[in-house]
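Quick notes on the structure that follows.
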Amino acid sequence: MPYRLVKEKLVIFRMERKFEVPMSIYYPGADNESVRKELSNILDHSIREVYSKVDQGIVTMELMSIVHKTLSKFDCFHLDEHDFVVVRQYLNRLILIVEWDCNADEVEHLI
């Protein structure tokens with residue numbers, strides 16, 4: 001996938017409101033607005049970090065380092081099972097945007 005397209009998808013992803021009730025599945029969203037904003041900020045920061053490295057040809061190990069670093073930032077929130085599943089889904093999307101030829105099942109084993 002050309003870098004321009006990857007960067008466009010990252011911008012769209014970053015601009016999404018996160019940790020809210022999606023229409024397609026049952027998820028009550030983060031339990032308070034300040035927590036939702038903090039969780040979103042963590043993800044948005046990682047998306048910006050990946051975006052800044054796309055033109056240099058980010059490699060899988062670098063991407064996975066960012067993903068694992070991001071995942072560890074959520075530890076202090078003591079997320080419940082539903083919120084943690086949503087975090088993983090967001091991180092899976094980040095990986096699939098950049099590593100567009102990955103199989104989604106393979107991504108699950110990476111994080």
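In terms of packing, defined here as the mean over residues of other Cβ atoms within 10 angstrom, the peptides 55-62, 11-18 line up highest first as 11-18, 55-62. Each label point was placed 7 Å from the Cα along the Cα-to-Cβ direction; for Lys69 and Glu49 their separation is 0.4 nm.
Any read-out appearing in this document is the output of simple, stated calculations on the displayed coordinates, not a laboratory observation. Just so we're clear, the structure is a prediction, and the values are computed from it rather than from any experiment. No Cβ is skipped: glycine too gets one built from the backbone with ideal geometry, and neighbour counts run over all protein chains shown.
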